[in-house]
Amino acid sequence: MMKVNPVLANPSLNRRGLLKAGGLASAALGVSGASMSAKAWAASVPAIDLRVIDQRVWPRAADMPQGAPLHLIDGDVTHLWYDTLYQAWKKPGFVVAGVTKADALFVLEHLAWDNRYKVIERRPLLDDDGQATDAIQWVIAPAHPSVGG
Amino acid sequence: MAVLPPNVSAADFDKALTELRAAIGADWVFSSDDDLGPYRDSFSPIWDTEEERRAGAAVAPADVEQVQAIVRIANRYLIPLFPISTGKNFGYGGPSPNVSGSIVVDLKRMNRVLEIDDKRHFALVEPGVSYFDLYRHIQERGLKVWLDVPDPGWGSPLGNALDRGVGYTMGYYRDHIGASCGLEAVLPNGEVMRTGMGALPDSKTWQEYRHGFGPDPAGLFAQGNFGIVTKMGFRLYPQPEHYRTGMITVAKRRDYIALVEHVNYLSDAMIVGEAVYSNPLAALLAKPDFMALATKQGGAPESEMDAAAAAAGLPSWQVELQFYGPEAACAANWAYAKDRILSAIPGAKAVDGEAFPLPATPEQLLNTGQPYKTHIRRNGALGIPSLGIWKIVRDSGHVGFFPVLPRSGEAVYEMQRVMCDALREFPLPPFFSAVTAPLYWPQFAFQMVFAPSVKKEDPDHNAMVDRSMRKAIEVAAKHGWGDYRAAPIYQDAVSASYSFGDHALRRFHEQMKDAIDPNGIIAPGRGGIWPKRFRK
Ligand SMILES: Cc1cc2nc3c(=O)[nH]c(=O)nc-3n(C[C@H](O)[C@H](O)[C@H](O)COP(=O)(O)OP(=O)(O)OC[C@H]3O[C@@H](n4cnc5c(N)ncnc54)[C@H](O)[C@@H]3O)c2cc1C
């Protein structure tokens, strides 16, 4: 069963409210089956500016529904960082969610810290049987007044 | 719970934090556990133990005046400060201090490229300028200069150079502290000092003549604790027009000795950039018989290694050479290298690699076009910062021991044998064996790598890694090989191994430390230099 976080179903909540309420990753990404997660992504569009998919753990990225821009990686986050996040994180309020292996998240989390952003949610991606995989679903959002946190 | 520095009360620490907030703004003083997470060493083998070196707080000043204010407050409360530039020193302690409870001075906000010149080939930068920042600055302005970048590119020229980091282009530029030219530092008493020509008010050549007049103390700030560096100059490599690679192989194990001598010549004559050695027989390590041979007690007999190479149809050694410059010069230098080595070493062979004009295309950066298996880090070789190296990181990271050895084949064989035997008792991959190749990162020396991985969830493994590190430092030192760089938890052991003249160098450093930093507030313990009040 897909479990969509009820906050996302409430259009009166603004972005900031959503982030503060937490559960964004679960709404955006986390459902009981990986195949269902893709649909949940679509529901999170109002709150997320960028989606990141690590193709090592989610080769089905092509099936992704419409939504926030999608950046595919193969573990190496150099281009994601240099071409997109480098500028995006200099401005306040950018929210990025992803499904990656731990190594890619490690690098992104440290880059986020440098820019006063942080991982606000992180949990293992479940497979269709509800077992944890080696993929992590996460959300990175501002964590300091200088970037609207 | 805040970790307090030694001999500082919670009340005094709080007062200091209040003064720091007033001096630099409350938003830039961090003391909660959550805020201090980024200042832990996530590669630490003593993660989450009592011994883990943890910051008591962190501050992020915006300018030199704020750094001075921080230093003055720290002096009042005798609180140690630990300056970092980008704080990415993973494998050597990350952003974590030598002394728990220190206040990390995080200089990332000071991130201006102050000057860059592509006619006289230098840059002057603040500590928070990362390699990515400087690269972007150069690209956006179309400047014709290269950086020499280490991996990963999120570090900073200043932080990397202050730990004597290394890169991948031409020898002079690979040695990052060697290619620095003039610095500015806030001293432990809060004064601002400039070295070299920077000491001359209105100097016109700060980044062009490093020495100035009289002794040059710039070197004291690398792996030292004599101040907080707030500006640093670097020589930049004029962007070469063309790049070419080629590989030379030698048939017999003994041939390696002559090969190294020729490559030393090519390197010291500045004909080649980083020469990348590798041993094709490393591919055989998966076979138990060959693994047993390559790690044999007392060293693998030359005849057996030659027989293994012959049976596998592989050369004994190979080196990849890299040429930079005008197209004709690259071609001529490669022709010269081939001729020189092939005419001197029977059985040596040469294979042409890639050759292309610079800047490289995205495809060329992938380094998939070489007609042989290559070990060149192409981004680094072309001065382009990258994070791709992260793929080599295993488990929860690693700690690094990189002993420096002479550039000779005999020295390589000796280190392979001695370190392999010494570390045999530890259940680790064979970092040292008869196929371990030296790294040619320093300009005039080789290094080998011992970088066992750590596992956050496995303290027993980490304790074993810790023992292996300490043994490696000790055994190497007994054979005249020193480590070039170490995490805070190993700095005392490494420093103790540089013991000539009954530790004359360490005593000299201590005397200077006591004179320049009588309160011992700047990075006590860094480089193995402890101020008086911390010495046992
Ligand atoms: C996979 C991997 C590959 C690596 N490859 C390389 C490589 O190719 N080459 C290489 O050199 N390293 C390498 N490293 C090690 C390390 O990541 C880099 O050296 C990195 O550049 C160091 O971090 P930094 O630049 O952020 O310096 P920082 O962490 O900011 O500084 C390093 C140290 O210098 C001192 N310091 C920094 N700034 C100041 C200041 N302003 N005043 C006084 N003291 C200061 C501090 O003691 C600090 O701990 C690698 C690490 C990993 C994990």
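The values are calculated or read from the model by the stated rules, or taken from the named source; none is laboratory data. The structure presented is a predicted model; accordingly, all values stated were derived computationally and were not measured. All Cβ positions, even for glycine, are placed from backbone atoms using ideal geometry, and neighbour counts span all protein chains on display. All accessible areas refer to the heavy atoms of the entire protein, side chains included, with ligands and DNA or RNA removed. Shrake-Rupley method; radii C 1.70, N 1.55, O 1.52, S 1.80 Å.
Within region B:10-67, track down each residue that is part of a helix (DSSP H, G or I) and β-branched (Val, Ile, Thr).
Correct list: B:Thr18, B:Ile24, B:Val64, B:Val67.
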(request) Within region B:378-393, identify whether any single residue is within 11 Å of the ligand (Cβ to nearest atom), within 14 Å of chain A (Cβ to nearest Cβ), surrounded by fewer than 18 Cβ atoms within 10 Å (Cβ to Cβ) and without any contact (Cβ under 8 Å) to a residue 60 or more places away in the chain, and answer yes or no. (result) yes
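Which of the strands (runs of 3 or more DSSP E) found entirely inside region B:102-210 contain at least 3 residues meeting this: crowded, with 17+ Cβ neighbours inside 10 Å? Don't jump to the end; show me each part of the working.
Details: elements: B:103-106, B:113-117, B:122-125, B:180-186, B:192-194.
Filter on region B:102-210 gives B:103-106, B:122-125, B:180-186.
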(request) Name every residue in region B:222-245 that is within 16 Å of the ligand (Cβ to nearest atom) and either touching an Asp or Glu at 6+ places or on another chain (Cβ under 6 Å) or not aromatic (Phe, Trp, Tyr) (or both), in order of residue number. (result) B:Ala222, B:Gln223, B:Gly224, B:Asn225, B:Gly227, B:Ile228, B:Val229, B:Thr230, B:Lys231, B:Met232, B:Gly233
(message) Which count do you get for residues in region A:94-149 that are closer than 21 Å to B:Ala60 by Cα and more than 13 Å from chain B (Cβ to nearest Cβ)?
(response) 1
(request) For region B:289-309, enumerate the residues that are part of a loop (DSSP other than H, G, I, E, B) and surrounded by 15 or more Cβ atoms within 10 Å (Cβ to Cβ). (result) B:Thr295, B:Lys296, B:Gly299, B:Ala300
(request) Need at least 1 residues that are open to solvent by less than 20 Å² (accessible area, probe 1.4 Å), among the hydroxyl-bearing types (Ser, Thr, Tyr) and in contact (Cβ under 8 Å) with a residue 12 or more places away in the chain per element, so show me which helices (runs of 4 or more DSSP H) inside region B:427-536 make the cut, counting only ones lying wholly within it. (result) B:459-478, B:488-497
(message) I'd like to check something: does region B:343-359 contain any residue that is within 14 Å of chain A (Cβ to nearest Cβ) and either touching a strand residue (DSSP E or B) at 6+ places or on another chain (Cβ under 6 Å) or not in a helix (DSSP H, G or I) (or both)?
(response) no
(message) Yes or no: region B:310-327 includes at least one residue that is in a helix (DSSP H, G or I), without any contact (Cβ under 8 Å) to a residue 24 or more places away in the chain and outside the structural domain of B:Trp146 (by TED's automatic domain parsing).
(response) yes
(request) Quick one: which residue in B:Asp63, B:Asp35, B:Asp48 is modelled with pLDDT under 95 and among the charged types (D, E, K, R)? (result) B:Asp48
(request) Determine whether region B:365-379 contains at least one residue that is in contact with a Pro (Cβ under 9 Å, 6 or more places away or on another chain), under 23 Å from A:Asp76 (Cβ atoms) and in a loop (DSSP other than H, G, I, E, B). (result) yes
(request) Please give the number of the condition B:Glu19 fails out of (1) over 23 Å from B:Gln68 (Cα atoms); (2) at pLDDT 95 or above; (3) more than 14 Å from chain A (Cβ to nearest Cβ). (result) (1)
(message) For region B:213-224, which positions are open to solvent by less than 20 Å² (accessible area, probe 1.4 Å) and over 14 Å from B:Phe508 (Cβ atoms)?
(response) B:Ala218, B:Phe221, B:Ala222
(request) For region B:114-127, indicate whether the set of residues that are over 30 Å from B:Pro518 (Cα atoms), within 13 Å of the ligand (Cβ to nearest atom) and touching a Lys or Arg at 6+ places or on another chain (Cβ under 7 Å) is non-empty. (result) no
(request) Scan (1) open to solvent by 10 Å² or more (accessible area, probe 1.4 Å); (2) farther than 30 Å from B:Lys513 by Cα for the single condition B:Leu266 breaks and write down its number. (result) (1)
(message) Residues to consider are A:Ala62, A:Ala97; find the one that is open to solvent by 50 Å² or more (accessible area, probe 1.4 Å) and small (Gly, Ala, Ser).
(response) A:Ala62
(message) Looking at region B:326-377 only, could you name the residues that are of a type in the set (S, T, N, Q) and either farther than 27 Å from B:Leu134 by Cβ or open to solvent by 80 Å² or more (accessible area, probe 1.4 Å) (or both)?
(response) B:Asn333, B:Ser343, B:Thr368, B:Gln370
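If I ask for residues that are hydroxyl-bearing (Ser, Thr, Tyr) and either surrounded by fewer than 21 Cβ atoms within 10 Å (Cβ to Cβ) or in contact with a Leu (Cβ under 7 Å, 6 or more places away or on another chain) (or both), which ones from region B:33-76 would you list?
B:Ser42, B:Thr49
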(request) Name the single residue, out of those in region B:128-147 being in contact with a Gly (Cβ under 7 Å, 6 or more places away or on another chain) and within 10 Å of the ligand (Cβ to nearest atom), that is farthest from the other protein chains (Cβ to nearest Cβ). (result) B:Tyr131
(request) Go through the residues of region B:378-392 one by one and say whether even a single one is more than 25 Å from B:Leu134 (Cα to Cα) and touching a Gly at 6+ places or on another chain (Cβ under 9 Å). (result) no
